[in-house]
Amino acid sequence: MNKAITEGLVLMPPPFVDGLDVWSSENGTLGSATYDNSANAAFVPTDQDFAGCLELLKTQTTQKLRWMGQTPLLPGCYLRIRTKVKALAGALPSVRIAGYPMLANDTHASGYVEVGPTKVIENYGEIVEIEAIVGTGERGGVDMVWGPDVDYAHFGLDLTGSNGGVVRVEDFIIEDITAAFLRDMMDWVDVRDFGAKGDGVTDDKAAFEAADDAANGRSVLVGAGTYKIGSNLTIDNAIRFEGTVTMADNVRLSLIRNFDLPTYIDAFGDEVLAFKKAFQALLNYTDHDALDMGGRRIELDRPIDMQGAVDNHSSFLIRRVIRNGQFYAIDSPHWDPDVVSSTGSYNAANPYQMTNVANIANIQPGSLVTGNGVGREVYVQYVNVGAGSLTLSQPLYGPAASQSYTFTRFKYMLDFSGFTQINRMTISNVEFQNNGSSSTLLLSPTGENFIVQDCFVIKPSHRGITSPGRGCQDLHIDRTQFISDEQSTPATDRISVAFNVNANDAKIRDNRFQRMGLTGVMHGESHLIVGNHWFQGDEVTDGPRVAGMVFTYENVSTVMIGNYIDNCFIEWTNEHDENPDYASEFSFGGLTITGNVFRAMDVASWSNFLVIKPYGAGHSISDLHVNNNTFKSIQGNIDRIEAVDDSIAPLDYWRTRNVTFEGNTFAGVTQRTVSPVTLEFEQNTDATTWTMDPSAYLPFGGNARTVTSVVAKGDILNGVGDKVHQQPSTVPNAGTQFKYVQLKWPEAVRGKVLVTLRVDNPI
């Protein structure tokens, strides 16, 4: 780079032959004394060594010679000032290049070195070459380092030492030698050329900004060193780091052209700090919607407080993406859960509050709540230490008015719980290697449309994705694998949970859940569960199976389609209901299970694929459709596919409505479940009342509530062998347990009929 060429800058002083009126005997500023017609200076037109030159008699302690022209000094430029001097007579002086730096307002730029190296003239007639390099960067070989505030200078030389000596001075040469300090391609600017110190103490922000302004499409180079940045900095051009930067936690670095994790790692020299700073910038600069991790792995020995990294946002509602990288947990005590036991009071009239909580200052938001009468996956949303109360993610179904609880705070790789609300956060193509040490993601207490897609959640210690409140509204989990750390543990002893949902509209699609303790615990409604494979088997011979997907809201309005449900069952409860007894609200209903593959292998014969467990009395089933699924058990049959767990309360079968089990296939299932079901019944002796027991086919042990058709198969004959053409009347819900269907004929008859009946009432 040569600014004299590229920008037409005038650097060179005129030769002495043009006159001495532009050569000052002071600092070169306008109005200073010149050597024109001076008694101690004259132009010599012919010198055997210099041709035309200036002859000067030293009469002052420091004899100054300055060109009064303004030599511009640009950030990033390096100028070399040189000339030749020889002594003719008198005392032999010392000589040095000198300059007088000026600000743009034509005042002196004080505080800088203004002279170059001194050379002593030792012999008369000896030609001494002197030079000095001036520039804005503190580099090796630069004699006068001036800051970017210097606009121009008056250059020349000083004679020092004894007076009375006569010297001759050759014409000055001032040249741009910036290329000597830059690499060959010259497609970048160095922050050191703009005054950056890189000493870890001086605030180098202004130098970074000046370099960025000068780059103009080229890249900015941060050379070796540690550069302190005292306030928020945005770099618009591409940037490369050989050195590192240091800044306070609340100071942001926004890299517009290199917004990716590898560049931030280069900038900060620490992967975890770099990720925090990049995430901080992601939430503070609207031109970037995604942080690309560049395939880098970040090793963590403790959780990352995502809100703590940002500091200036307590909520964030705009789409942002973290993608393409890996988090790797290192075994550390910082991953150990914090466990607190405490007493608290609960009143179902205020279902999301726990009051009079002892030891409350030690209970953390995001803690799992366990205790008598507490359903699965209930978390602490907020802690009010002053009031001694907690806000819960779900109501409690049956605790004592005051009792002891356990609060367990798991440790998550990425902890978003410090935000009050996060919307539209996407994590894509990220691998979480928990290594049995850490849990994975903790969502914010409120929010919507958090998306986890194309990720791997490998060996979480306790939890995969946890919602401590309603930050799971419209949660998307797509094409993600969850691989348990409990592969060899019997299913009944596992503790891990892949995810939970407290709000509505979750989309769980095309995922694979491998041997977790529970796949999902889902409250709310209007969920889509499509194309997933979850399997929870073990190596226990004829072993019991546990729930895979758990619904904790009665009327779920949910579709499950095209899933592979392997060695586990769907459990449907109302354990998150503060008043679990039925009281005119919606009861169990709104679930469609269609086109799924259910599979079991080497399981206890009493295992099922669908279990309803009421946590209160009076509940019933309506609007449940289990159609066109495949149920298969190998290495031993199971008795049937569905059951009611009435350990707390039974179902009310008299209110069963709109329930169908149709088009399913069964293999290795002793008793098929079908409703409506068409059965053949044969009466071999004459009778006016035919009684049939279809109860084994009916779902959940329900009543034979409706007969939709009776069709004779062959002739119906009376006692004398005559054909009887009258139709019978039907009596459903017959028998002491209401499981039978009776056909009432006008006379005693015998024969065979096809009867179609249902477990529900017509709509």
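The values are calculated or read from the model by the stated rules, or taken from the named source; none is laboratory data. None of these values were measured; they are calculated from a predicted model. All Cβ positions, even for glycine, are placed from backbone atoms using ideal geometry, and neighbour counts span all protein chains on display.
Are there any pairs with C-beta distances below 7 angstrom linking a residue in region 240-261 that is within 16 Å of K197 (Cβ to Cβ) and not assigned by TED's automatic domain parsing to the domain that holds G217 to a residue that is among the polar types (S, T, N, Q) and surrounded by fewer than 16 Cβ atoms within 10 Å (Cβ to Cβ), with the two at least 6 apart or on different chains, and if so which?
No pair meets every condition.
So that you can scan it fast, the table gives a plain yes or no per residue for (1) surrounded by fewer than 16 Cβ atoms within 10 Å (Cβ to Cβ); (2) within 21 Å of I81 (Cβ to Cβ); (3) of a type outside the set (D, E, K, R):
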| position | (1), (2), (3) |
| --- | --- |
| P14 | yes, yes, yes |
| S25 | no, yes, yes |
| N37 | yes, no, yes |
| N40 | yes, no, yes |
| T46 | yes, no, yes |
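Restricting to region 54-78, give me the number of residues that are in a strand (DSSP E or B), touching a Ser or Thr at 6+ places or on another chain (Cβ under 9 Å) and modelled with pLDDT under 95.
Of the residues in that region, 1 qualify.
Could you grab me the full set of residues in region 350-365 that are in contact (Cβ under 8 Å) with a residue 12 or more places away in the chain and either under 24 Å from the mean Cα position of the chain (by Cα) or outside any helix (DSSP H, G or I) (or both)?
Correct list: P351, Y352, Q353, M354, T355, N356, V357, A358, N359, I363, Q364, P365.
How many residues, within region 719-742, are part of a strand (DSSP E or B), surrounded by 14 or more Cβ atoms within 10 Å (Cβ to Cβ) and in contact with a Lys or Arg (Cβ under 8 Å, 6 or more places away or on another chain)?
Number satisfying all stated conditions: 4.
Is there a residue being under 29 Å from P395 (Cβ atoms), touching a residue at least 60 places away in the same chain (Cβ under 8 Å), surrounded by 18 or more Cβ atoms within 10 Å (Cβ to Cβ) and outside the structural domain of G537 (by TED's automatic domain parsing) anywhere in region 486-503?
No; the residues of region 486-503 include none that is under 29 Å from P395 (Cβ atoms), touching a residue at least 60 places away in the same chain (Cβ under 8 Å), surrounded by 18 or more Cβ atoms within 10 Å (Cβ to Cβ) and outside the structural domain of G537 (by TED's automatic domain parsing).
Which numbered condition trips up G636, out of (1) touching an Asp or Glu at 6+ places or on another chain (Cβ under 8 Å); (2) at pLDDT 95 or above; (3) part of a loop (DSSP other than H, G, I, E, B)?
Here G636 meets the rest and fails (2).
What do you reckon, is I612 in a strand (DSSP E or B), out of contact with any helix residue (DSSP H, G or I) (no Cβ under 9 Å at 6 or more places or on another chain) and crowded, with 20+ Cβ neighbours inside 10 Å?
No.
Quick one: count up the residues across region 93-112 that are in contact with a strand residue (DSSP E or B) (Cβ under 6 Å, 6 or more places away or on another chain), aliphatic (A, V, I, L, M) and farther than 16 Å from F172 by Cα.
Within region 93-112, residues that are in contact with a strand residue (DSSP E or B) (Cβ under 6 Å, 6 or more places away or on another chain), aliphatic (A, V, I, L, M) and farther than 16 Å from F172 by Cα number 2.
Which ones in region 198-234 are out of contact with any helix residue (DSSP H, G or I) (no Cβ under 6 Å at 6 or more places or on another chain) and part of a strand (DSSP E or B)?
Scanning region 198-234 gives D199, G200, V201, T202, D203, S219, L221, T226, Y227, K228, T234.
For region 504-517: of the residues being without any contact (Cβ under 8 Å) to a residue 40 or more places away in the chain and in contact with a Lys or Arg (Cβ under 8 Å, 6 or more places away or on another chain), which is surrounded by the most Cβ atoms within 10 Å (Cβ to Cβ)?
N511
May I ask you to list the residues in region 467-483 that are crowded, with 24+ Cβ neighbours inside 10 Å and part of a loop (DSSP other than H, G, I, E, B)?
Matches in region 467-483: S467, P468, G469, L475, T480.
Can you pull out the residues in region 145-163 that are aliphatic (A, V, I, L, M) and either over 19 Å from H108 (Cα atoms) or at pLDDT 95 or above (or both)?
A153, L157, L159, listed by residue number.
Considering only strands (runs of 3 or more DSSP E) fully contained in region 235-339, which possess at least 2 residues that are among the aromatic types (F, W, Y), surrounded by 16 or more Cβ atoms within 10 Å (Cβ to Cβ) and out of contact with any Cys (no Cβ under 7 Å at 6 or more places or on another chain)?
Where strands (runs of 3 or more DSSP E) fall fully within region 235-339 and carry at least 2 residues being among the aromatic types (F, W, Y), surrounded by 16 or more Cβ atoms within 10 Å (Cβ to Cβ) and out of contact with any Cys (no Cβ under 7 Å at 6 or more places or on another chain), they are 320-329.
Looking at (1) crowded, with 21+ Cβ neighbours inside 10 Å; (2) more than 27 Å from the chain's Cα centre (by Cα); (3) not small (G, A, S), which one does E377 not meet, given that it meets all the others?
With respect to (1) crowded, with 21+ Cβ neighbours inside 10 Å; (2) more than 27 Å from the chain's Cα centre (by Cα); (3) not small (G, A, S), E377 is out only on (2).
May I ask you to list the residues in region 431-448 that are closer than 25 Å to N504 by Cα and either at pLDDT below 95 or surrounded by fewer than 24 Cβ atoms within 10 Å (Cβ to Cβ) (or both)?
Across region 431-448, the qualifying residues are T446, E448.
Quick one: what pairs do we get from region 366-386, first residue at positive phi, second among the β-branched types (V, I, T), C-beta under 7 Å, 6+ apart or different chains?
Here the result reads G366/V380; G371/T406; E377/V497; E377/V521, each pair linking region 366-386 to a residue that is among the β-branched types (V, I, T).
Among the residues of region 177-191, is there at least one that is modelled with pLDDT under 95 and touching a Cys at 6+ places or on another chain (Cβ under 6 Å)?
Yes, that holds for at least one residue.
Cβ contacts < 8 Å: first residue over 30 Å from D49 (Cβ atoms), restricted to region 128-151; second residue surrounded by 17 or more Cβ atoms within 10 Å (Cβ to Cβ) and basic (K, R), any location; separation 6+ or different chain. Result?
Pairs that qualify, where the first residue is over 30 Å from D49 (Cβ atoms) and the partner is surrounded by 17 or more Cβ atoms within 10 Å (Cβ to Cβ) and basic (K, R), are G137/R192; E138/R192; E138/K197; R139/R192.
Does region 677-696 include one or more residues that are of a type in the set (F, W, Y) and under 60 Å from the mean Cα position of the chain (by Cα)?
Scanning region 677-696 turns up no residue that is of a type in the set (F, W, Y) and under 60 Å from the mean Cα position of the chain (by Cα).
Suppose we filter G464, G520 for residues that are more than 18 Å from the chain's Cα centre (by Cα), surrounded by 21 or more Cβ atoms within 10 Å (Cβ to Cβ) and outside any loop (DSSP other than H, G, I, E, B); which single one remains?
Unique residue meeting the criteria: G520.
Of everything in region 364-374 that's out of contact with any Lys or Arg (no Cβ under 8 Å at 6 or more places or on another chain) and buried (at least 18 other Cβ atoms within 10 Å of the Cβ), which residue is farthest from P580 (Cα to Cα)?
That would be P365.
Quick one: which of F155, F172 is in contact with a Gly (Cβ under 6 Å, 6 or more places away or on another chain) and closer than 18 Å to K84 by Cβ?
The unique qualifying residue is F155.
Here are the criteria: (1) over 26 Å from N596 (Cα atoms); (2) part of a helix (DSSP H, G or I); (3) not assigned by TED's automatic domain parsing to the domain that holds N567. Tell me which single one W654 does not satisfy.
Unmet condition: (3).
How many residues are more than 25 Å from A51 (Cβ to Cβ), under 52 Å from the mean Cα position of the chain (by Cα) and in a strand (DSSP E or B) when one looks only at region 79-107?
2
Provide a single number: the residues in region 630-648 that are in contact with a Lys or Arg (Cβ under 9 Å, 6 or more places away or on another chain), of a type in the set (G, A, S) and surrounded by fewer than 20 Cβ atoms within 10 Å (Cβ to Cβ).
Matching residues across region 630-648 total 1.
When both residues are 6+ apart or on different chains and their Cβ atoms are under 8 Å apart, which pairs have a first residue that lies in region 404-426 and is of a type in the set (G, A, S), and a second that is part of a strand (DSSP E or B) and surrounded by 23 or more Cβ atoms within 10 Å (Cβ to Cβ)?
Pairs found: S417/L442.
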